[in-house]
Amino acid sequence: MFPTHRPRRLRANPMIRDLVRETQLHPHDLVFPMFVQEQTDQAVPILSMPGQFRHSIPTLLRACEEAVEAGVRSVLLFGIPNHKDPQGSQAYAPDGVVQRAFQALKAEGLPLLLMGDVCMCEYTSHGHCGHVDGHCVDNDKSLDMLVKTAVSQAQAGADLVAPSDMMDGRIGAIRSGLDAAGLHEVAIMSYAAKYSSAFYGPFREAAGSAPGFGDRSGYQMDPANVAEALKEVRMDIAEGADMVMVKPALAYLDIIRAVREITDLPVAAYNVSGEYAMVELMAREGLMDRRRGILEVLSSIKRAGAGILLTYHAVEAARWLREG
Ligand code: PBG
């Protein structure tokens with residue numbers, strides 16, 4: 001007997017494929033991470049991340065307008081200060097580069113949700129994500145720096161703060177700090193399950209944030225663990241996270257799925273710099289159809305269970321999705 005079912009019937013033409021597609025990407029799913037630095041009026045290309053820039057405040061504003069026109073609704077800002085010190089003081093300076101960028105964006109009144117990455121590593125001279133004593137990153141002393149950073153970003157105009165440092169207790173500390181400053185409406189997207197990953201390589205070159213000694217495996221998670229990710233997610237939810245993130249995305253699709261199954265909160269995933277560079281370098285070498293590759297990556301992350309996709313491809317992807 002020939003089979004009763006012929007699955008190819010549902011693949012016969014674009015109309016029927018569109019009808020039965022289980023995962024639909026939408027421009028509203030996308031968050032565009034962007035870098036802003038002091039010193040210059042130019043946008044400086046980031047060599048490790050072809051197509052991405054370290055913006056000045058004026059070029060950031062133009063790039064955000066372009067993102068809005070493409071259909072992007074959210075941006076995540078990373079600041080790159082001129083001056084780094086052991087305390088990372090530019091992270092929470094009221095006139096720090098990221099604070100000034102938020103103020104300028106707010107003044108512009110674009111229909112954009114403004115997110116701030118809260119971490120110390122771009123701002124500290126030692127390149128670690130918190131307070132360093134000798135060769136140890138002191139968890140509890142780091143909390144105060146992170147709270148000050150989150151509050152100052154929110155006061156400058158961030159609608160949401162996204163702590164990426166992986167110190168214990170930071171979500172509760174930041175929530176209390178925001179509330180004490182009257183910033184009840186500012187949401188927290190926790191980098192809840194953030195792994196100690198080799199895929200951050202290009203970012204560290206972009207942000208000049210590679211650790212000066214040691215590595216981050218004393219605070220970021222071991223790539224081999226899954227139960228621990230669920231523990232981190234549950235703790236951050238108990239401390240008041242509004243959304244939880246898994247990072248990186250592509251090498252951690254099983255983690256995204258597992259997190260999706262244990263929470264009702266929105267789940268985000270960060271398609272990180274190394275994952276971006278892999279696609280760009282393959283496309284540049286003619287080894288992959290770039291557009292198909294990018295949409296396949298994003299679709300796989302959404303299919304795994306993430307409703308929010310942080311991606312350096314946000315602007316282009318939004319344009320393609322609108323074209324249909
Ligand atoms: C800051 C931070 C990092 C990334 C986001 N926030 C780097 C790191 O932890 O070393 C990585 C983003 C990317 O690779 O695209 N802690």
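Volume per residue of the convex hull around the Cα atoms, evaluated for the stretch 7-323, comes out as 139 Å³. A simple count of charges around residue 235, restricted to other residues whose Cβ falls under 12 Å of its Cβ and scoring Lys, Arg +1 and Asp, Glu -1, yields -2. By the helix-only formula, in which each DSSP H run with n ≥ 4 contributes -39500 (n - 2.57) and the sum is divided by residues, the chain has a 222 nm mean residue ellipticity of -12500 deg cm²/dmol. With the highest mean first, a sort of the peptides 89-100, 42-53 on other beta-carbon atoms found within 10 angstrom per residue produces 89-100, 42-53. Counting only other residues whose beta carbon sits under 11 Å from that of residue 130, what net charge do I get with K and R as +1, D and E as -1? Cβ neighbours under 11 Å give a net charge of -3. By the rule of a C-alpha distance below 21 Å, with chain neighbours fewer than 8 residues away ignored, the lysines paired with residue 247 are 194, 231, 302. Listed by chain and number, the aspartates and glutamates placed with their C-alpha closer than 20 angstrom to that of residue 106 are 38, 41, 65, 66, 69, 95, 117, 159, 185; residues fewer than eight positions away on the same chain are left out. Have a look at the DSSP beta bridges in the chain and tell me what percent are antiparallel, nearest 5. So the antiparallel bridges in the chain amount to around 15 percent. With a cut-off of at most 13 other beta carbons within 10 Å, and DSSP calling the residue loop, which GluC sites (Glu not before Pro) in the stretch 207-285 qualify? Please list them. Passing both the DSSP loop test and the Cβ count: 285.
Taken one residue at a time, the phi angles of the stretch 225-239 give Karplus couplings (6.51, -1.76, 1.60, θ = phi - 60°) of 9, 10, 4, 5, 5, 5, 4, 4, 5, 4, 5, 5, 5, 4, 7 Hz. Gly and Pro are set to x. Spatial offset of the stretch 264-288 relative to the stretch 72-136 amounts to 23 Å, using the alpha carbon center of each.
In whole angstrom, note down how far apart the Cα centers of the stretch 290-321 and the stretch 219-255 are. Between the Cα centres of the stretch 290-321 and the stretch 219-255 lies a distance of 20 Å.
All of the numbers you see were taken from the coordinates with simple rules; none came from a lab. Since we're looking at a predicted model, the values are computed, not measured. Cβ: placed from backbone, ideal geometry, glycine included. Neighbour counts: every protein chain shown.
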